[in-house]
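The values are calculated or read from the model by the stated rules, or taken from the named source; none is laboratory data. Please read all numbers here as calculations on a predicted model, not as lab measurements. Virtual Cβ from ideal backbone geometry, glycine too; neighbours counted across all protein chains shown.
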Amino acid sequence: MNILAIESSCDETAAAVVKDGHGVLSNVVASQIDIHAKYGGVVPEVAARAHVQSIIPVVEESLSEAKTKWENIDVIAVTQGPGLIGSLIIGTETARALAILKKKPIIAVNHLEGHIYANWISKNIPQFPLIALLVSGGHTMLIEVENHYKFKIIGQTRDDAAGEAFDKVAQLLSLPYPGGPNISKSAEKGNPNKYKFPIIDLTSKPKRNTEGFLEYSFPSLDFSFSGLKTAVLNVVKQSKSFSEQDKADIAASFQKTIVETLIQNSQRAIAQHKPKSFILSGGVAANPLLRQELAKLREKLGTSFYMPDLKYCTDNAAMIGAAAYHKQKEKACLSDEKGFTKPQDLVPNPNLSLS
Ligand code: KG4
Ligand code: ZN
């Protein structure tokens, strides 16, 4: 099955042709980094306008890069949410128009499902049941996946997402947008032990005992990064001026702390749920220190670990094609009897959750 996949949930306009859920025949990403860099972050209205300009050329390029024609495309897959509403509308309406014009069925995909299924773009695929650590600009979650499309969120951030924390700390250090890659680049020259930032270890949500008192018991798999961000802010405020070396030391210390927090909860999730495999996904999965520390954890625990190639960590359409393939096979969408999305159900949803 050849799927033409479209992704436009944030600031990347992307299209890909994916064969049978794992063969990436093309993967085109038009990044808007240069457009948003001068504002220090994504401006939703500007992002939507940029998608309008690039989406058709990107789709055409994905077909030509795949050396394929419309008659060889079986399905159109598209991100339905979560994301920026203006950006999602451009992707879903383009997919709908192309589906009518070219007479193709549609598969609507959740962006988070896409990040998870980036791990299936490989010959070596994860085994179920598994645990996924999904770390992106908008989400930080530990998800238990019992089988294809059987998701259960077992931990998530109570405030900022990991990528968001990278981006905000980058702003505090006057590093350019996007923050994540620039923090890790700056951190290469820094001393990760220079500053002791807090590793936030939350207890599970309190329960009321029989006497009516709140009881805080076992450690939680939830995350919190706002205290870490404030700790960095305090260091920045206390310093009168900054050398490049100071910035690098703060970046390295921050990166070490956030990675340790992610590893701490991942290790705890593995101990509690004993999955067959553990997978990493989302834009922050491109972080070299996180990848390195997870590789160490693999050595220590002997669980099978998987992480996508770097180009499938940050937003791309190949992951949407991979997710769509399995979604149709499992008949897991708001579907017709063949496992496709009914056109009337293709409604962009900025708050779409992982069901
Ligand atoms: O998945 P993604 O491309 O978009 C969302 O779905 O949010 O993730 C983007 C996030 C941004 O916050 C970006 O700073 C972060 O991923 N990111 C990184 C790295 N590359 C991207 N964070 C840390 N280290 C990186 N190398
Ligand atoms: Zn994403």
Index of the failed condition, residue 3 passing every other in (1) buried (at least 24 other Cβ atoms within 10 Å of the Cβ); (2) at pLDDT 95 or above; (3) within 14 Å of ligand 1 (Cβ to nearest atom):
(3)
Taking the residues in segment 275-305 that are within 16 Å of ligand 2 (Cβ to nearest atom) and assigned to a loop (DSSP other than H, G, I, E, B) as candidates, determine which candidate is surrounded by the fewest Cβ atoms within 10 Å (Cβ to Cβ).
287
Lone qualifier among 79, 68 - being assigned to a strand (DSSP E or B) and either within 20 Å of the chain's Cα centre (by Cα) or in contact (Cβ under 8 Å) with a residue 12 or more places away in the chain (or both)
79
I'm told residue 193 meets every condition in (1) closer than 13 Å to residue 253 by Cα; (2) under 24 Å from the mean Cα position of the chain (by Cα) except one. Can you identify the failing condition by its number?
(2)
Does residue 247 satisfy being more than 15 Å from ligand 1 (Cβ to nearest atom), in a helix (DSSP H, G or I), under 19 Å from residue 131 (Cβ atoms) and not assigned by TED's automatic domain parsing to the domain that holds residue 113?
no
In segment 82-97, how many residues are away from ligand 2 (no atom under 16 Å from the Cβ), surrounded by fewer than 20 Cβ atoms within 10 Å (Cβ to Cβ) and in contact (Cβ under 8 Å) with a residue 60 or more places away in the chain?
2
Scanning segment 127-151 for residues that are more than 16 Å from ligand 2 (Cβ to nearest atom) and outside any strand (DSSP E or B), the one surrounded by the most Cβ atoms within 10 Å (Cβ to Cβ) turns out to be 149
The one condition in (1) modelled with pLDDT of 95 or more; (2) within 16 Å of ligand 2 (Cβ to nearest atom); (3) outside any helix (DSSP H, G or I) that residue 154 fails to fulfil:
(2)
Would you please list the contacts, defined by Cβ atoms under 7 Å and residues six or more apart or on different chains, that run from a residue in segment 281-292 that is among the hydrophobic types (A, V, I, L, M, F, W, C) to a residue that is within 6 Å of ligand 1 (Cβ to nearest atom)?
284/136; 284/163; 284/166; 284/180; 286/314; 289/184; 290/284
Could you list, in sequence order, the residues of segment 135-153 that are in contact with a helix residue (DSSP H, G or I) (Cβ under 6 Å, 6 or more places away or on another chain) and under 22 Å from residue 83 (Cα atoms)?
135, 136, 137, 140, 142
Among the numbered conditions (1) of a type outside the set (Gly, Ala, Ser); (2) within 16 Å of ligand 2 (Cβ to nearest atom); (3) in a helix (DSSP H, G or I), tell me where residue 308 comes up short.
(3)
In segment 2-22, is there at least one residue being in a helix (DSSP H, G or I), touching a residue at least 60 places away in the same chain (Cβ under 8 Å) and small (Gly, Ala, Ser)?
no
From the residues in segment 1-51 that are within 18 Å of the chain's Cα centre (by Cα) and acidic (Asp, Glu), which one is nearest to residue 92 (Cα to Cα)?
7
Condition test on residue 181, is it assigned to a helix (DSSP H, G or I) and surrounded by 14 or more Cβ atoms within 10 Å (Cβ to Cβ)?
yes
Among the residues of segment 194-229, write down those that are farther than 23 Å from residue 270 by Cβ and loosely packed, with under 11 Cβ neighbours inside 10 Å.
196, 207, 208, 209, 210, 211, 212, 213, 214
Identity of the residue in segment 160-178, among the small types (Gly, Ala, Ser) and assigned to a loop (DSSP other than H, G, I, E, B), that ends up farthest from ligand 1 (Cβ to nearest atom):
174
Taking first residues from segment 37-51 that are in a loop (DSSP other than H, G, I, E, B) and second residues anywhere that are among the hydroxyl-bearing types (Ser, Thr, Tyr), the pairs with Cβ under 8 Å that are 6 or more apart or on different chains are 39/177; 40/177; 41/177
Note: among 232, 236, 259, just one is surrounded by fewer than 19 Cβ atoms within 10 Å (Cβ to Cβ) and aliphatic (A, V, I, L, M), namely 236
